[in-house]
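Note sheet for the following structure.
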Amino acid sequence: MTARAAAFVARETAVACPPFVPEVRLHLATEVTPLWRATEAALARAGVPPPYWAFAWAGGQALARYLLDHPAAVAGKRVLDLAAGGGIVAIAAARAGAARVSAADIDPFAAAALRLNAALNGVALEVIAEDLTERDARGAWDVVVAGDVFYERAMVARVLPWLRRCAEGPAAVLVGDPGRAYCPAEGALELARYLVPTSLDLEGREQREARVLRLCPAGWLSQPRTVA
């Protein structure tokens, strides 16, 4: 599968720079690549899951931009990029001076894209092709990052509690979100806000406002708070 997935990624994408993070080069689906026009049904017949990894989503671009502009957030630290997709955030972390960067995604095509994109950018990534939410990873990393993961209820039900447990580790848990439906309304501190260029075909608009948030531990939500 590894060789097949890598061949698919290389054949069906084009190397391009995301508009908000031009320092990073990725294998992306663009208007000139077959993958951009492929339907979900056609991909299913080919045995390919939805290619989320092939797009530079606004939340991931915002978080990558933040790390490149604020390298102290990850410099010299052990970093995990959860649901890494094509790896824009993981690559930004490596570029910002992280001591070690792990990128996790359960999609084998994403894992192939991660390896190809790491080579494109001359950085080292440890690619983890398993569901980390099934294990207790508290203390394994100093910083956990996740770009644009709050788009689906089932996804958030698995990912958000795990991220909050990581924040008890105590890891700094940073997420990028462009106003997705299931982004938590509380228990997060806003670090930055950006207007990220997007595709009309992909997002239905030419730009999205995206925030970079630091998630608080699960215990924070149950603590009594007073209003001054």
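Where a number appears in this text, it was derived from the coordinates with a stated rule and is not lab data. Just so we're clear, the structure is a prediction, and the values are computed from it rather than from any experiment. Virtual Cβ from ideal backbone geometry, glycine too; neighbours counted across all protein chains shown.
In the calculated pair distance distribution of the chain, what percentage of Cα-Cα distances lie above 22 Å?
Within the chain, distances greater than 22 Å cover 48 percent of Cα pairs.
Hey, rough spin-label estimate for E31 and R100, points 7 angstrom out along Cα→Cβ, what's it come to in nanometres?
For the pair E31/R100, the computed spacing is 4.4 nm.
Taking only the alpha-carbon positions of region 1-126 and ignoring solvent, what does the Debye formula give for the base-10 log of I(q)/I(0) at q = 0.12 Å⁻¹?
Result of the Debye calculation: -0.41.
Counting other beta carbons within 10 Å of each residue's own, what order do W141, W36, W53 fall into, fewest first?
W36, W141, W53
Placing +1 at every Lys and Arg Cβ and -1 at every Asp and Glu Cβ, with all other atoms neutral, what dipole size does the chain have around its Cα centre, in debye to the nearest 20?
260
To make sure I understand, if each residue's beta carbon is the centre and we count other beta carbons within 10 Å, what order do T30, T133 fall in, fewest to most?
Exposure proxy ranking, most exposed first: T30, T133.
Taking 0.36 nm per residue of sequence separation and subtracting the Cα-Cα distance, how much length would be gained by fully extending the chain between R45 and Q207, in nm to one decimal?
My answer for the length gained is 55.1 nm.
Can you tell me the dipole magnitude for region 58-131 around its Cα centre, using point charges on the Cβ only (Lys, Arg +1; Asp, Glu -1), in Debye to the nearest 20?
The dipole of region 58-131 has a size of about 340 debye.
Would you mind calculating the gained length between A154 and E134 on full extension (0.36 nm times residue separation, minus the Cα-Cα distance), in nm to one decimal?
Value of the extension gain: 5.8 nm.
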